[in-house]
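Data first, discussion second: the structure below is written as structure tokens.
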Amino acid sequence: MDTQLKYREIIKSVLRNHADDRTAVPDSYQSKVLFDEDRGQYLILDIGWSGDQYLHATPIHISLINNKVWIQYDDTEEGVVGDLMAAGIPKEDIVLGFRHPKVRQHTGFAVA
């Protein structure tokens with residue numbers, strides 16, 4: 001299987017699981033998964049009401065760029081990286097895009 005196709009399927013599966021877990025709280029907001037495969041963009045969108053507060057947030061944003069999985073944003077307690085690695089994406093193919101380029105070399109993940 002083509003690496004990019006494999007990574008797309010892993011990313012979508014991991015995000016679906018995260019969205020299902022986030023929506024498990026009854027009478028709360030909903031987590032939606034949004035995929036733009038033409039542009040390699042994968043997101044979770046939290047939308048709805050949390051008590052008296054309206055919520056519209058993107059807790060996870062992942063991009064697929066040049067066969068690398070870029071974590072653009074991750075606002076989860078446990079982090080999405082561990083799930084991606086457990087599903088078969090090696091550390092050297094994951095870029096922590098939210099980290100400054102000068103710091104990435106020290107993260108143990110891909111630089112770009």
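Every number in this text was worked out from the coordinates using simple rules, so none of it is lab data. Values in this document were obtained by computation on a predicted structure and should not be read as measured data. Backbone-built Cβ (ideal geometry, glycine too); neighbour counts: all protein chains shown.
Out of everything in region 56-97 that is within 12 Å of the chain's Cα centre (by Cα) and small (Gly, Ala, Ser), what residue ends up being farthest from residue 43 (Cα to Cα)? Among residues in region 56-97 that are within 12 Å of the chain's Cα centre (by Cα) and small (Gly, Ala, Ser), the one farthest from residue 43 (Cα to Cα) is 82. On inspection, residue 88 qualifies as outside any helix (DSSP H, G or I) and in contact (Cβ under 8 Å) with a residue 60 or more places away in the chain. All told, residue 62 falls short of being touching a Lys or Arg at 6+ places or on another chain (Cβ under 8 Å) and surrounded by 14 or more Cβ atoms within 10 Å (Cβ to Cβ). Here are some conditions: (1) of a type outside the set (A, V, I, L, M); (2) without any contact (Cβ under 8 Å) to a residue 40 or more places away in the chain; (3) touching a His at 6+ places or on another chain (Cβ under 9 Å); (4) under 23 Å from residue 2 (Cα atoms). Residue 83 meets all but one. Which one does it not meet? Answer for residue 83: the failing condition is (2). Selection of region 37-59 for residues being crowded, with 19+ Cβ neighbours inside 10 Å and charged (D, E, K, R) yields only 46. Filtered by the rule that a residue be charged (D, E, K, R), over 16 Å from residue 18 (Cβ atoms) and out of contact with any Lys or Arg (no Cβ under 9 Å at 6 or more places or on another chain), region 28-53 gives 36, 38, 39, 52. The set of residues in region 1-23 that are touching a residue at least 24 places away in the same chain (Cβ under 8 Å) and either within 29 Å of residue 49 (Cα to Cα) or of a type in the set (A, V, I, L, M, F, W, C) (or both) comprises 10, 11, 12, 13, 14, 15, 17, 18, 19, 22.
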